[in-house]
Amino acid sequence: MISVTFILQLLINGLLRGSIYALAAIGLTLIFGVMNIVNFAHGTFVMLGLYISYWLYALLGIDPYISLVISVPTLFVIGGLIEKYTIHYSIDAPEINQFLITVGILLFIENMALFIFSPDFRAVRVEYQGAIISIGELIIGIIPLVASAISVALTVGLYLFLKKTDLGRALRAVAANKEGARLMGINLNYIYFIAFGIGSACAGAAGTIISPMYYIFPQVGHLFLLLSFVIVIMGGQGNFIGAFLGGLIIGVVESLCIIFVTGSIKDAIVFSCFILVLFFKPFGLFGKKER
Amino acid sequence: MKHHGVNHPNLLRNYVLIFLIGLFLVLPFFLNPYFLHIMIMTFLFAYLSRSWDLIGGYAGQFFLGPVAMFGIGGYTSTLLYVHFNLYPWIGMVIGGILGMAIGISLCYLSFRFGLTGIYFGLATLTFPEILRIVVLSLEIFGGVNGVLIPLRKSSLLHFQFDGKIPYYYISFFMMLLSIYIMYRIEKSKSGYYYIAIREDEEAAESLGIDTFKYKLIATGIGCFLLSIGGTFHAQYLMFVSPDSSFGIAVTLEIIIRSIVGGVGTLLGPVIGSFILTPLSDISRGILGGYRGVHLMLFGVIIILIILFLPQGVGKWFEKLYDNLRTLFEEKISFLVKKDEFIKYK
């Protein structure tokens with residue numbers, strides 16, 4: 001029953017899905033690396049991205065992939081403002097306070113969505129919904145393919161931004177050594193604002209990209225939140241490439257789990273892997289010894 | 001001059017304590033079922049939060065998995081009662097030991113592999129999520145719908161009562177017990193060890209404190225108490241379900257009370273529960289028609305408290321108490337002076 005084609009198919013599905021997980025996780029790892037804060041509200045930004053593209057599609061008929069132009073800047077501003085007015089004041093606070101402040105943000109945004117949008121499940125259904133490409137026996141949906149291509153493009157773009165531009169270098173400098181960066185004249189407040197904004201924009205972009213594939217409801221972010229944690233830890237704190245590879249690995253693992261188990265047990269397997277990684281490779285699969 | 005006053009520093013504290021205990025003992029007879037329910041939940045969450053704070057506050061470990069033990073306690077006693085007709089009290093102890101064993105194993109592994117801070121937090125946050133999914137997926141644990149506790153008869157042995165008043169007293173004594181245990185730990189030698197570990201673990205270790213051992217002891221006691229709280233919760237609601245027992249929301253409810261009241265203080269978690277539990281229940285009652293609004297409010301309250309009172313409300317109460325005590329001592333010393341004056345005459 002389990003043929004090579006079947007496994008190959010699962011691998012492809014896993015890689016396509018994993019590249020989208022990676023985009024969301026890269027946002028989280030950027031915030032974690034630069035600000036040393038684990039943002040528990042990250043999943044809600046994915047949720048907001050989903051809702052933005054849903055409403056643009058439902059009200060104005062804008063294609064979800066074009067609505068990226070709107071959702072990414074919107075989420076950047078929302079994230080930046082949240083950083084500026086709340087999280088900024090807890091950067092030097094104990095970890096438990098940082099945890100709770102981001103949880104407070106999560107509760108606020110998620111329940112605001114519940115109040116405004118109602119708990120109904122919604123879906124974006126575009127005309128090319130069922131379109132596929134078949135290569136031999138393999139079947140690849142157009143939507144996952146486009147979604148994955150966009151997220152890889154965004155990831156590469158962000159990578160180049162971090163490597164080549166002055167602002168990107170400043171971000172990496174703060175991640176490497178906060179005090180040193182400040183002595184070199186880098187404005188930490190500005191960098192935190194940018195880092196949180198970009199991180200939120202990544203989550204929002206991931207949300208918009210997956211809007212034709214997922215049901216949309218206020219708690220949809222939880223799944224992405226936990227998966228992003230798993231990926232970030234696997235990749236190592238603030239490790240950009242690590243997070244990307246981690247995303248692909250998680251996508252493939254999740255996909256291959258279908259062979260052995262059904263239903264939500266696969267999440268339990270992913271989380272168990274996560275705890276094992278934490279025990280044996282606390283600095284990530286690709287991490288160096290120092291933090 | 002302090003020595004004019006009554007030479008008993010704990011006198012006022014004992015008065016306040018006796019007054020409060022007396023008040024809470026007679027209170028249930030004046031409350032309707034709705035407020036009784038609020039009081040029971042207040043006591044229960046004070047108890048749970050007090051138990052978590054032993055690990056998360058005193059021992060200073062970023063422990064985000066109290067709900068694992070809470071759920072294990074509830075599910076163990078319930079399943080044993082439903083399938084083997086074992087009295088919940090026995091199930092409670094078994095659940096407590098099981099929760100303690102699992103909590104100690106999890107923390108032992110985490111400490112052994114050197115997980116600290118947020119890494120320990122994420123490991124302990126994920127663990128109950130695994131349990132939740134397992135319970136949700138397997139029919140032997142009741143699946144998605146959870147397990148209903150069959151209504152037998154109202155008796156202490158079956159941990160089932162007609163009214164809410166017995167639950168009130170049980171939860172009240174559980175809360176007192178958790179405070180008493182913490183008080184004893186605080187006053188013992190290990191209390192100082194915990195303060196040292198919390199302030200600077202490496203320094204504590206270099207002074208010869210076996211930090212590993214003391215962290216595990218705190219975890220063990222805390223997890224045992226949390227599991228017992230789970231059994232009480234199950235018996236009170238008469239059912240267990242994956243979300244009400246293992247949901248991340250319960251973890252937040254427990255931790256937030258401790259932060260609001262003051263982490264690592266004896267009465268902080270209790271004060272936190274006395275503020276937040278009625279607030280969240282009453283706001284749910286008032287705003288229940290608007291779905292989600294009371295949780296939005298809850299989120300805003302958390303953010304405001306963390307930003308403006310990061311030490312917790314408990315510190316503020318402490319100041320109030322100190323002022324009261326100074327006032328009290330001045331009054332007494334005044335009386336004593338007058339007495340002396342009369343004697344001289």
TODO: Mind telling me which of the residues B:VAL16, B:VAL67, B:VAL26 ends up being of a type in the set (Val, Ile, Thr) and under 16 Å from B:THR251 (Cβ atoms)?
DONE: B:VAL67
- [ ] Give A:GLY185, A:GLY199 a once-over and let me know the one that is out of contact with any strand residue (DSSP E or B) (no Cβ under 6 Å at 6 or more places or on another chain) and in a helix (DSSP H, G or I).
- [x] A:GLY199
Open item on the list: One residue is enough: does the range A:39-58 have a residue meeting the conditions within 14 Å of another protein chain (Cβ to nearest Cβ), in a loop (DSSP other than H, G, I, E, B) and free of Cβ contacts under 8 Å to residues at least 12 places away in the same chain?
Closed with: no
TODO: Say whether the condition of being of a type in the set (Val, Ile, Thr) and under 13 Å from the mean Cα position of the chain (by Cα) is met by at least one residue in the range A:250-257.
DONE: yes
TODO: Kindly indicate whether any position in the range A:224-239 is surrounded by fewer than 16 Cβ atoms within 10 Å (Cβ to Cβ), among the hydrophobic types (A, V, I, L, M, F, W, C) and more than 9 Å from every other protein chain (Cβ to nearest Cβ).
DONE: no
Task: Residues within the range A:273-291 that are surrounded by 14 or more Cβ atoms within 10 Å (Cβ to Cβ) and either among the acidic types (Asp, Glu) or within 20 Å of B:GLU129 (Cα to Cα) (or both), tallied - done: 7
Open item on the list: Among the listed residues A:ILE7, A:ILE2, identify the single one that is away from chain B (no Cβ under 14 Å), surrounded by fewer than 19 Cβ atoms within 10 Å (Cβ to Cβ), in a loop (DSSP other than H, G, I, E, B) and touching a residue at least 60 places away in the same chain (Cβ under 8 Å).
Closed with: A:ILE2
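Part of a loop (DSSP other than H, G, I, E, B) and either under 18 Å from the mean Cα position of the chain (by Cα) or not basic (Lys, Arg) (or both): does that describe B:LEU44? Lay out the reasoning, then the answer.
Details: part of a loop (DSSP other than H, G, I, E, B): no; either under 18 Å from the mean Cα position of the chain (by Cα) or not basic (Lys, Arg) (or both): yes.
The answer is no for B:LEU44.
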- [ ] Tell me which residues, restricted to the range A:15-38, are within 15 Å of A:GLY80 (Cα to Cα), β-branched (Val, Ile, Thr) and either in a loop (DSSP other than H, G, I, E, B) or within 8 Å of the chain's Cα centre (by Cα) (or both).
- [x] A:ILE37
Task: the range B:108-122, subset free of Cβ contacts under 8 Å to residues at least 40 places away in the same chain and not in a loop (DSSP other than H, G, I, E, B), residue surrounded by the most Cβ atoms within 10 Å (Cβ to Cβ) - done: B:SER110
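Taking the range A:122-133 as the search range and keeping residues that are surrounded by 12 or more Cβ atoms within 10 Å (Cβ to Cβ) and out of contact with any Gly (no Cβ under 8 Å at 6 or more places or on another chain), which one is nearest to the other protein chains (Cβ to nearest Cβ)? Show your work before the answer.
First, pick out the residues of the range A:122-133 that are surrounded by 12 or more Cβ atoms within 10 Å (Cβ to Cβ): A:122-124, A:126, A:128-129, A:131-132.
Filter once more, so that each one left must be out of contact with any Gly (no Cβ under 8 Å at 6 or more places or on another chain): A:122-124, A:126, A:128-129.
Numbers: A:ARG122: 16, A:ALA123: 21, A:VAL124: 23, A:VAL126: 29, A:TYR128: 34, A:GLN129: 29 Å.
Step by step, filter the range A:122-133, then rank; the result is A:ARG122.
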TODO: Scan (1) surrounded by 15 or more Cβ atoms within 10 Å (Cβ to Cβ); (2) within 11 Å of chain B (Cβ to nearest Cβ); (3) closer than 21 Å to B:ILE256 by Cα for the single condition A:ILE91 breaks and write down its number.
DONE: (2)
Task: helices (runs of 4 or more DSSP H) wholly inside the range B:176-277 that include at least 2 residues being more than 14 Å from chain A (Cβ to nearest Cβ) and among the aliphatic types (A, V, I, L, M) - done: B:189-199, B:201-206, B:211-237
Open item on the list: Which condition from (1) farther than 25 Å from B:LEU27 by Cα; (2) surrounded by 21 or more Cβ atoms within 10 Å (Cβ to Cβ) is the one that B:PHE172 breaks?
Closed with: (1)
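Any residue at all in the range A:282-291 that's within 13 Å of chain B (Cβ to nearest Cβ), in a helix (DSSP H, G or I) and of a type in the set (A, V, I, L, M, F, W, C)?
If we filter the range A:282-291 for residues that are within 13 Å of chain B (Cβ to nearest Cβ), which is where we start, we get A:282-284, A:287, A:289, A:291.
Next, from what is left, pick out any that are in a helix (DSSP H, G or I): none.
Within the range A:282-291 (the criterion being within 13 Å of chain B (Cβ to nearest Cβ), in a helix (DSSP H, G or I) and of a type in the set (A, V, I, L, M, F, W, C)), the answer is no, since none of the residues qualifies.
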Task: Residues within the range A:176-220 that are of a type in the set (A, V, I, L, M, F, W, C), farther than 16 Å from A:ALA147 by Cα and surrounded by fewer than 24 Cβ atoms within 10 Å (Cβ to Cβ), tallied - done: 12
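I'm trying to understand the selection: among the residues of the range B:198-220, which are in contact with a Ser or Thr (Cβ under 8 Å, 6 or more places away or on another chain) and modelled with pLDDT of 85 or more? Outline the logic, then answer.
Going through the range B:198-220, the residues in contact with a Ser or Thr (Cβ under 8 Å, 6 or more places away or on another chain) turn out to be B:201, B:204-205, B:214, B:217.
Hits for the range B:198-220 are B:ALA204, B:GLU205, B:TYR214, B:ILE217.
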TODO: Return yes or no: is B:PHE35 among the aromatic types (Phe, Trp, Tyr), within 14 Å of another protein chain (Cβ to nearest Cβ) and in a helix (DSSP H, G or I)?
DONE: no
- [ ] Run down A:ILE249, A:ILE210, A:ILE216, A:ILE194 and say which single residue is touching a strand residue (DSSP E or B) at 6+ places or on another chain (Cβ under 8 Å) and more than 14 Å from chain B (Cβ to nearest Cβ).
- [x] A:ILE216
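So is A:GLY80 crowded, with 22+ Cβ neighbours inside 10 Å and either under 25 Å from A:ASN189 (Cα atoms) or facing chain B (nearest Cβ under 8 Å) (or both) or not?
On the way: crowded, with 22+ Cβ neighbours inside 10 Å: no; either under 25 Å from A:ASN189 (Cα atoms) or facing chain B (nearest Cβ under 8 Å) (or both): yes.
When the stated conditions are applied, A:GLY80 does not pass them.
Quick check on my filter: what residues within the range B:79-99 are part of a helix (DSSP H, G or I) and touching a Leu at 6+ places or on another chain (Cβ under 9 Å)?
Applying the first criterion (part of a helix (DSSP H, G or I)) to the range B:79-99 yields B:79-84, B:88-99.
B:LEU80, B:VAL82, B:PRO88, B:TRP89, B:ILE90, B:GLY91, B:ILE94, B:GLY95, B:GLY96, B:GLY99, listed by residue number.
Can you tell me which residues in the range B:123-138 are of a type in the set (A, V, I, L, M, F, W, C) and either facing another protein chain (nearest Cβ under 9 Å) or surrounded by fewer than 16 Cβ atoms within 10 Å (Cβ to Cβ) (or both)?
The initial filter retains those residues of the range B:123-138 that are of a type in the set (A, V, I, L, M, F, W, C), namely B:123, B:125, B:127, B:130-131, B:133-136, B:138.
Hits for the range B:123-138 are B:ALA123, B:LEU125, B:PHE127, B:ILE130, B:LEU131, B:ILE133, B:VAL134, B:LEU136, B:LEU138.
Got a sec? Which of A:PRO64, A:PRO73, A:PRO119 is more than 12 Å from chain B (Cβ to nearest Cβ) and modelled with pLDDT under 90? Walk me through it before giving the result.
Details: A:PRO73 fails: modelled with pLDDT under 90; A:PRO119 fails: more than 12 Å from chain B (Cβ to nearest Cβ).
Exactly one residue qualifies, and that residue is A:PRO64.
I'd like the residue in the range B:280-299 that is surrounded by 14 or more Cβ atoms within 10 Å (Cβ to Cβ) and either among the aromatic types (Phe, Trp, Tyr) or within 7 Å of another protein chain (Cβ to nearest Cβ) (or both) and, out of all such residues, is farthest from the chain's Cα centre (by Cα). Give the steps one after another, and end with the answer.
Of the residues in the range B:280-299, the ones surrounded by 14 or more Cβ atoms within 10 Å (Cβ to Cβ) are B:280-284, B:287, B:291-299.
Restricting the remaining residues to those that are either among the aromatic types (Phe, Trp, Tyr) or within 7 Å of another protein chain (Cβ to nearest Cβ) (or both) gives B:291-293, B:295-296, B:298-299.
On the way: B:ARG291: 28, B:GLY292: 26, B:VAL293: 26, B:LEU295: 21, B:MET296: 24, B:PHE298: 19, B:GLY299: 21 Å.
Selected residue: B:ARG291.
Would you mind stating whether B:THR326 is more than 21 Å from the chain's Cα centre (by Cα), part of a helix (DSSP H, G or I) and β-branched (Val, Ile, Thr)? Explain how you work it out, then say what you get.
On the way: more than 21 Å from the chain's Cα centre (by Cα): yes; part of a helix (DSSP H, G or I): yes; β-branched (Val, Ile, Thr): yes.
Judged against the criteria, B:THR326 is a match.
From the list B:MET92, B:MET41, B:MET69, exactly one residue is touching a Cys at 6+ places or on another chain (Cβ under 6 Å) and within 18 Å of B:LEU177 (Cβ to Cβ). Which is it? Steps first, answer last, please.
Numbers: B:MET92 fails: touching a Cys at 6+ places or on another chain (Cβ under 6 Å); B:MET41 fails: touching a Cys at 6+ places or on another chain (Cβ under 6 Å).
Of B:MET92, B:MET41, B:MET69, the one residue that is touching a Cys at 6+ places or on another chain (Cβ under 6 Å) and within 18 Å of B:LEU177 (Cβ to Cβ) is B:MET69.
The values are calculated or read from the model by the stated rules, or taken from the named source; none is laboratory data. As the structure is a prediction and not an experimental result, all values here were calculated from the model. Heads up, the Cβs are rebuilt from the backbone with ideal geometry, glycines too, and the neighbour counts pull from every protein chain shown.
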